[in-house]
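The structure appears below as C-alpha cells.
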C-alpha cells in the first residue's frame with residue numbers, strides 16, 4: 001500500500017486520471033455553475049392593471065345587462081298604452097283567470113240575493129192567500145233545489161259573459177283606461193288598486209255591473225236588488241307592491257341610460273383586454289349567463305307570488321304572471337341568442353387551435369368547390385381586391401337589419417346569423433386571386 005500525507009491508500013481507491021473530454025466537460029459544468037450563481041434574480045412579475053380594469057369592466061357590463069333589459073321592459077310597459085293592452089289583454093282569455101272571475105262575481109251576486117229566503121217569502125205569501133198546508137210543505141222542501149238551480153244558472157251565465165267577446169272588449173277598454181293610472185299605482189296614489197292590511201286588492205265593481213246587465217237581459221231581474229258594491233280580489237302581498245314601487249322608481253330613472261352604460265362598459269373592457277377576441281367571447285358568455293340567472297329569478301318570483309295568494313286564486317295568479325312577463329322572457333331569450341352568436345363568432349375568429357382548424361377546414365372546402373383558375377373571371381378579381389370591405393359591409397348590414405327590427409326573436413337572430421355566414425362564404429368563394437401569369441416565357 002502507498003501512503004498519501006500519512007494515510008494509507010488501498011488499491012481499490014486508486015482512480016484512473018481524467019481524459020481530455022472529461023476534463024473539458026468538467027470545466028464547462030464549472031463555468032455554467034459559476035454563471036448561474038452570478039446571474040441576478042429575475043424581476044418580479046408586475047400586475048397588469050390594464051387587464052385587471054378590463055376584467056372589472058366586463059364583469060360589470062355582464063351584471064348590468066339583465067338589469068338594463070328589465071328597466072327597458074318596465075318603461076315600455078308603462079309608457080306605451082298599446083303595448084300594455086297587448087300584454088295584459090290576453091288575461092281575459094285565460095281559462096284560470098276566467099274561472100276566478102266567474103267564481104268571484106257569482107259569490108258577490110248571492111251575497112246580496114238570498115234565493116232561498118225569497119222563495120220562502122213567496123211560499124208564505126201563497127199560504128196567507130189560502131194555499132193548502134200540504135202543498136206549502138212540499139214547496140218549502142223545494143227551496144234548496146231552487147237555490148242550487150239558481151246558483152248554477154247564474155254561474156253559467158256569468159261564465160258565458162266572462163268568456164264572451166263583449167267581456168273581452170270591456171276588459172281591453174278597462175285595461176286601456178287603467179293604464180293611465182299605472183304610474184299612480186306604482187307611486188302609491190291609485191284609486192283602482194287599494195292596500196288593505198298586508199294585501200293588495202283590485203276593485204271588481206265594473207265587472208259586477210256588467211254581470212247585472214247580462215243577467216237582467218236573460219230574465220233574472222232579481223239582480224236589480226244588488227246595490228252598487230265594490231268587491232275586491234286579492235292580487236299580491238303589500239310588501240311586494242312596495243318592492244315593485246321601489247324597483248319602478250329606480251329602474252324608470254335608469255332606463256334611458258343604463259343600456260348605453262352597459263354597452264360602454266363592455267366595449268371599453270374589450271378594448272383594454274390583451275386578447276380582444278377572447279374578451280368578446282367572455283363578454284358574450286357572461287351576458288348569456290346573466291340572462292339565465294334572470295330567467296331563474298323570474299321562476300322564483302312566480303313561485304313566491306303563487307305561494308302568497310290563497311289556494312283558490314293560485315292558478316289565476318300563475319297564469320297572470322306568465323302572461324304579463326311573456327314579453328320580458330321573449331326579449332331575454334332574444335338577447336341570450338344574440339350573446340351566444342357573438343361569442344361563437346368571436347371564438348371562430350380567434351387564434352385558438354380549434355378556431356384555426358375550423359377556418360382551415362372551411363378554406364379547404366372552398367378550394368375544393370372552386371373549379372378552374374379563372375372560373376369567376378373579373379368578378380373574382382374585383383372581389384379579391386375588395387374582400388375586406390365586403391366583409392365589413394356584410395357584417396354592418398346584418399347589424400342594421402337587427403337594429404331596425406321591431407321585436408327580434410331568437411329565431412330571427414339565428415336566421416340573420418345564418419344568412420350572414422352564407423354571404424361571408426360567398427365572399428370568400430369569389431374573393432380569390434386572379435389567374436397568375438407564368439413566370440417563364442416560351443422560346444421563340
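The order of the peptides 160-167, 355-362 by mean Cβ neighbours within 10 Å, most packed first, is 160-167, 355-362. Maximal additional length on extending the residue 405-residue 228 stretch stands at 58.9 nm, based on 0.36 nm per residue less the C-alpha distance.
Geometric descriptor of the stretch 223-362, per residue, is 184 Å³ (volume of the convex hull of the Cα atoms).
Rounded to 0.05, the FRET efficiency of the residue 135 and residue 156 pair, given R0 = 35 Å and the Cβ-Cβ distance, is 0.70.
Ordering of 295-301, 153-159 by packing is 153-159, 295-301, highest average first (other Cβ atoms within 10 Å, averaged per residue).
Every read-out reported here was derived from the displayed coordinates using simple, explicitly stated rules and does not represent laboratory data. If you're wondering where the values come from, they're calculated on a predicted model, not measured in any experiment. Reconstructed Cβ throughout: ideal geometry from the backbone, glycine too, with neighbour counts over all protein chains shown.
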